[in-house]
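Worksheet for the structure shown next.
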Amino acid sequence: MSGEDPTAAFRIEAAELLEQIEQGLLDLGHRLDDMGLVNAVFRGLHTLKGSGSMFGFDALAAFTHHCESAFDKVRKGDVPATPELVSVILSAGDHMRALVEGEAPAAVGDAILARLAAAVEAAAGGVPVPHAPAAKQGWRVAFRLPADAMANGTSPLALLDELRALGEAEIVAQLDAVPALDELRPSDCLIGWDCTLTGDIAREAIEDVFIFVMDDMTLTIEPLAVEADSGDAAAPAARGEPDAPVRAAGAPAVVAARSQGEHVRVPAERLDELMDRVGELVIAQSRLSQLTGDGQDLALRSVSEEIERLAGEMRDTMMVLRMVPVSTLFGRFRRLIHDLAIETGKAIELATDGETTEVDKTVIERLFDPLVHIIRNSCDHGLESAEDRIAAGKPAAGLVRLSAHQAGGEVLITISDDGRGIDGDRVRAKAEANGLIQPGQAMADEDLLNLIFHPGFSTAVQVTNLSGRGVGMDVVKRTIESLRGSIDVRSIPGQGSTITLRIPLTLAIIEGLLVRVGQGSYVIPLSAVEECLELSLEEDLRSRGRSVITLRDRLVPFLRLREMFATGTRPDPYQKIVVVATGRERVGLVVDQIVGNHQTVIKSLSAFHRGVASFSGATILGDGSVALILDVGQLVALAQPQEETLRAAG
Amino acid sequence: MPQDDVLAASAAAADDRIAWSPHGELEVLIFELGGETFALEAIMVQEILDLLPETFIPGAPELVAHVVNFRGKIVPVADLRLAFGMERAEATKDSRIVVIELPLDGETMLIGLRTDRVHEVATFQQARADEVPAVGIRWKRQHVRSLIRWHEDLVVLPDLGAIFLSAMRGHPSAPVH
């Protein structure tokens with residue numbers, strides 16, 4: 001905890017807690033009588049309040065306290081959970097987020113609390129909930145602070161003063177825990193207090209006195225006349241666990257949260273650093289095994305092999321460290337759907353699958369905005385109103401489905417809806433109006449639909465709050481492409497549309513095909529590779545003038561990398577062609593040798609080499625040398641004029 | 001060329017950019033390249049390496065056409081011979097790569113410098129530093145910050161910032177072919 005801003009740690013914790021609370025609430029919205037969920041939400045709120053007050057977020061703690069109290073009533077069965085209550089607490093969650101960030105207008109909070117009170121009242125069947133009865137005679141309050149309370153800045157005297165302010169108080173100190181003088185540490189708070197408060201005092205008022213210390217202390221609040229009406233009056237005394245005083249309810253909640261999975265927060269750059277170190281280790285190890293491979297020392301060789309295995313395992317573990325399940329991404333859209341349903345007035349269901357699919361954290365973060373945009377489009381333009389849906393023989397509630405699954409080095413994320421689908425005619429009309437295509441230009445349906453990714457395209461006739469604010473699908477497409485991914489749209493009129501994103505699992509690692517050109521090693525991203533074939537001698541000679549081969553009745557141009565890179569070496573007798581695809585273009589790359597598959601960590605090139613368009617980065621091979629990663633798209637673009645010159649000449 | 005003017009102007013101000021200590025001293029690493037003796041501020045030096053396998057980058061600026069793997073980072077290796085109009089030469093058993101940290105264009109870059117031989121770390125006296133004469137040297141004047149008399153030798157204090165900036169600027173995005 002050295003030097004770091006502790007409130008930053010709290011902000012992260014709070015964000016997670018709020019996320020958990022939100023997920024719990026959204027689940028609860030579907031299963032209103034699930035007490036497990038009610039308890040989970042209550043624990044989340046309680047922990048948030050406790051940590052908040054600990055880190056000095058007093059406004060947050062006070063605000064959260066009210067929500068917690070409301071949920072406490074649900075938890076104890078005083079009021080049932082209602083959709084309205086869930087909705088209010090959801091917006092309360094937003095307000096808490098704002099409070100954590102320190103930019104929340106108090107008026108918003110008050111409005112939410114008013115709605116909350118109304119919701120609780122409504123849930124109780126219009127009858128005001130019997131707020132904990134204000135016992136006429138008063139209360140017996142016994143409390144004991146933790147020993148380190150004073151060291152933590154709690155002033156028992158101030159608490160006693162606050163109690164006195166509530167009404168006539170008779171305070172007796174309990175000294176039984178105070179040891180003999182020579183064992184006493186003066187900074188410890190060992191005194192307990194019994195306080196008899198008389199007067200018409202609400203139980204909440206007493207609890208509010210202890211709001212910021214409640215988590216760590218022992219507190220019992222009993223009505224003075226316990227014997228008089230034992231049944232009902234004893235109930236509020238049993239706040240918290242049935243027979244126990246309100247004791248550090250925060251602690252079990254923390255334990256519960258931890259048991260879901262131990263987590264350590266590590267800045268990403270430290271992981272990168274570790275990754276570099278492991279890379280070096282692997283390289284040093286391969287040098288070691290080369291040295292020991294020739295020798296006769298069996299013991300040395302066995303140690304070397306052991307290290308080789310360990311280094312390999314470490315590298316694999318490192319690769320996985322940055323991966324997080326897609327559920328962290330999908331989970332955030334449940335709230336979006338909830339809000340969109342309210343805003344559009346449509347009933348919308350969200351279905352997800354494949355949430356355990358793991359993707360690099362950086363990729364997940366950068367996918368969020370594009371997905372928000374796509375989902376908004378689906379809900380706003382895709383899904384019909386309930387009446388239209390019923391008229392079309394569909395269920396009233398529209399369905400948006402998010403799914404993810406891994407395919408090789410890529411993850412496929414599909415967003416589909418069962419709405420009206422994309423109107424091809426309208427896309428065409430719009431594209432013609434914008435001059436994207438010629439009027440009447442013949443086009444395959446899928447090509448036509450993919451025009452929606454063209455800059456400035458928007459089919460919405462009416463610009464709504466949700467979509468069509470000038471940020472078009474072209475931005476989505478650009479973001480996906482910056483992740484080295486691709487996007488595709490399909491649509492069946494009347495049945496809905498599906499958008500598929502293909503994203504590499506990670507930005508840090510690339511699955512590549514290692515090839516040799518002249519004396520240099522190069523990596524071609526495997527996701528771009530379609531096939532490999534041999535360039536026969538005759539074909540090589542025959543193709544001198546045109547650099548085109550026939551591949552299954554299609555002409556595929558090819559590039560001789562040896563010439564492009566001016567290696568100055570003689571070609572290998574049996575050169576290979578690696579056919580790569582970039583979008584619609586297929587191009588063959590002629591290499592000297594195909595070495596094999598290679599999973600590599602992508603390293604960026606220095607500023608001197610960023611201008612060299614043929615390479616997207618570099619990677620370090622097993623022997624410690626550097627191989628360049630080909631930027632297939634750029635190579636093809638560079639080759640295009642070359643092709644044209646050749647064609648013109650030929 | 002206007003760019004050359006800029007570089008010449010920066011060379012004129014170069015003497016200010018030598019960080020002499022209050023006592024007029026400068027700690028440097030002395031090395032040999034193409035028969036000349038060079039020096040650079042010892043504080044820039046990260047590490048002195050034996051030769052590593054180098055990878056050629058087709059289409060890269062000539063000065064920095066190769067890269068090496070330095071502790072998991074891809075670091076350009078520069079042949080300063082090119083900046084001083086010297087003949088290319090084969091590496092010898094004394095050849096070393098001096099890895100330096102150079103602030104350039106707002107970022108701090110790691111660069112490896114090929115040297116024929118690394119001599120020693122020494123302390124230069126400001127009193128023995130000379131202006132670069134306008135005539136009589138065969139190098140680009142803006143590539144030299146100062147000439148310093150040291151023992152019997154005249155040591156070149158190159159302007160690495162100017163040299164590498166021109167390599168970076170002179171190569172916006174040249175196509176490979």
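The values are calculated or read from the model by the stated rules, or taken from the named source; none is laboratory data. A quick note: this is a predicted structure, and the numbers were derived from the prediction, not measured. Cβ placement follows ideal geometry from the backbone for every residue including glycine, while neighbour counts extend to all protein chains displayed. Calculation scope for accessible area: heavy atoms of the full protein, side chains included, ligands and nucleic acids excluded. Shrake-Rupley method; radii C 1.70, N 1.55, O 1.52, S 1.80 Å.
Heavy atoms only, 1.4 Å probe, whole protein assembly: order B:168, A:150 by accessible area, highest first. Mind dumping the intermediate values first?
Values: B:168 30, A:150 80 Å².
Solvent-accessible surface, decreasing: A:150, B:168.
Only residues of the stretch B:144-162 count here: report those whose backbone N is under 19 Å from the spot 7 Å along Cα→Cβ of residue B:25, or say none.
Within reach of a label on residue B:25, which here means backbone N under 19 Å from a point 7 Å along Cα→Cβ, the stretch B:144-162 contributes B:148-151.
Which net charge results when you count Lys and Arg as +1 and Asp and Glu as -1 among the other residues whose beta-carbon is under 12 Å from that of residue A:631?
+2
Which net charge results when you count Lys and Arg as +1 and Asp and Glu as -1 among the other residues whose beta-carbon is under 12 Å from that of residue A:20?
Numbers: positive: A:43; negative: A:13, A:16, A:19, A:22, A:27.
Result for the local shell: -4.
Once the Cα atoms of the stretch A:589-642 are picked out, what are the Rg and Dmax in Å?
Rg, Dmax (Cα atoms, Å): 12.5, 37.
When all protein chains stay in place, what accessible area (Å², nearest 10, 1.4 Å probe) is found for residue A:454?
80
At the nearest 100 Å², what buried accessible area, both sides summed, do you get for B and A when the probe is 1.4 Å?
On the way: alone 10000 and 33790 Å², together 41530 Å².
Interface area, both chains combined: 2300 Å², rounded to the nearest 100.
At a 1.4 Å probe, which residues in the stretch B:68-104 are at least 10 Å² less accessible with all protein chains present than in their chain isolated?
Going by heavy-atom accessible area, the residues of the stretch B:68-104 that drop by at least 10 Å² are B:69, B:71, B:72, B:73, B:74, B:76.
Given R₀ = 25 Å, what would the calculated FRET efficiency be for residue B:141 paired with residue B:169, taking r from the Cβ atoms and rounding to 0.05? Please list the in-between numbers first.
Details: r = 18 Å, r/R0 = 0.72.
Once rounded, the FRET efficiency stands at 0.90.
Could you order A:211, A:480 by accessible surface area, starting with the largest, using a probe radius of 1.4 Å?
The ordering from most to least exposed comes out as A:211, A:480.
Carbon and sulfur together cover what percent of the accessible area of chain A at a 1.4 Å probe radius?
Working: 17580 of 32630 Å².
Carbon and sulfur atoms account for 54 percent of the accessible area of chain A.
How are the Cα pair distances of the stretch A:29-139 distributed, in percent, across 5 Å bins from 0?
Taking every Cα pair in the stretch A:29-139, the percentages come to 2, 12, 22, 22, 19, 13, 7, 2, 0.
Looking at the stretch B:3-169, what % of the alpha carbon pairs are farther apart than 22 Å? Intermediate values should be presented prior to the final figure.
Working: 5807 of 13861 pairs.
For the stretch B:3-169, the share of Cα pairs beyond 22 Å comes to 42 percent.
With n ≥ 4 as the cut-off for DSSP H runs, can you work out [θ] at 222 nm for chain A, using -39500 (n - 2.57) per run divided by the number of residues, rounded to the nearest 500? Working shown, then result.
Values: 20 runs with 281 residues, N = 650.
It comes out at -14000 deg cm²/dmol, rounded to the nearest 500.
What accessible area per residue comes out for the stretch A:162-208, rounded to a whole number of Å², with a 1.4 Å probe? List each step's numbers first, then the result.
Values: 2850 Å² over 47 residues.
Result: 61 Å² of accessible area for each residue.
In nanometres, what is the gap between the two model label sites at residue A:500 and residue A:324, each 7 Å from Cα along Cα-to-Cβ?
About 2.7 nm separates the two model spin labels.
Could you compute how much accessible surface residue A:527 exposes when probed at 1.4 Å, giving the result in Å² to the nearest 10?
Probe radius 1.4 Å; accessible area of residue A:527 about 90 Å².
Using alpha carbons only, how many angstrom separate the centre of the stretch A:91-126 from the centre of the stretch A:297-350?
35
Do any residues of the stretch B:38-59 lose at least 30 Å² of accessible area when the full set of protein chains is present rather than just their chain alone, and if so which, with a 1.4 Å probe?
B:53, B:55, B:57, B:58
Pop out the ³J(HN,Hα) list for the stretch A:12-25 in order, Karplus 6.51 cos²θ - 1.76 cosθ + 1.60 with θ = phi - 60°, rounded to Hz; leave Gly and Pro as x.
Along the stretch A:12-25, the couplings run 5, 4, 4, 4, 5, 4, 5, 4, 4, 4, 5, 4, x, 5 Hz.
In percent, what relative contact order does chain A have, based on Cα pairs under 8 Å that are 6 or more apart in sequence? Could the numbers behind the result be given before it?
Numbers: 981 pairs, mean separation 49.5, N = 650.
Here the relative contact order equals 8 percent.
Per residue, how many Å² of accessible area does the stretch B:3-169 show with a 1.4 Å probe? Write down the numbers at each step before the final one.
On the way: 8110 Å² over 167 residues.
Accessible surface, normalised per residue, equals 49 Å².
What fraction, in whole percent, of alpha-carbon pairs in chain A exceed 35 Å separation?
Values: 125561 of 210925 pairs.
When all Cα pairs of chain A are counted, 60 percent exceed 35 Å.
Taking K and R as +1 and D and E as -1, what net charge do the other residues with C-beta under 11 Å from the C-beta of residue B:96 add up to? Walk me through the numbers before you get to the answer.
Numbers: positive: B:93, B:114, B:117; negative: B:32, B:47, B:50, B:94, B:116.
Computed value for this residue: -2.
Ratio of alpha-carbon Rg to the 2.2 N^0.38 Å globular estimate for the stretch B:105-171, to two decimals, please.
Working: Rg = 14.0 Å, N = 67, 2.2 N^0.38 = 10.9 Å.
That works out to 1.28 for the stretch B:105-171.
Could you run the Karplus curve 6.51 cos²θ - 1.76 cosθ + 1.60 with θ = phi - 60° over the stretch A:569-581 and give me ³J(HN,Hα) per residue in whole Hz, x for Gly and Pro?
Each residue of the stretch A:569-581 in turn: 10, 6, x, 5, x, 10, 7, 10, 10, 9, 8, 10, 10 Hz.
Just flag the trypsin sites (Lys or Arg not before Pro) in the stretch A:1-62 sitting in loop per DSSP whose Cβ has no more than 15 other Cβ atoms within 10 Å. Kindly include the intermediate steps, with their values, before the conclusion.
Values: sites: A:11, A:31, A:43, A:49; in loops: A:31.
Passing both the DSSP loop test and the Cβ count: A:31.
What accessible area, in Å² to the nearest ten, does a 1.4 Å probe give for residue A:194?
In the full protein context, residue A:194 sits at about 50 Å².
Taking amide hydrogens as modeled 1.01 Å from N in the peptide plane, which residues meet the under 5 Å criterion relative to residue A:531, leaving out close sequence neighbours?
Correct list: A:579.
Top to bottom by accessible area (1.4 Å), largest first, where do A:139, B:150 land? Kindly include the intermediate steps, with their values, before the conclusion.
Working: A:139 0, B:150 40 Å².
Per-residue accessible area, sorted high to low, gives B:150, A:139.
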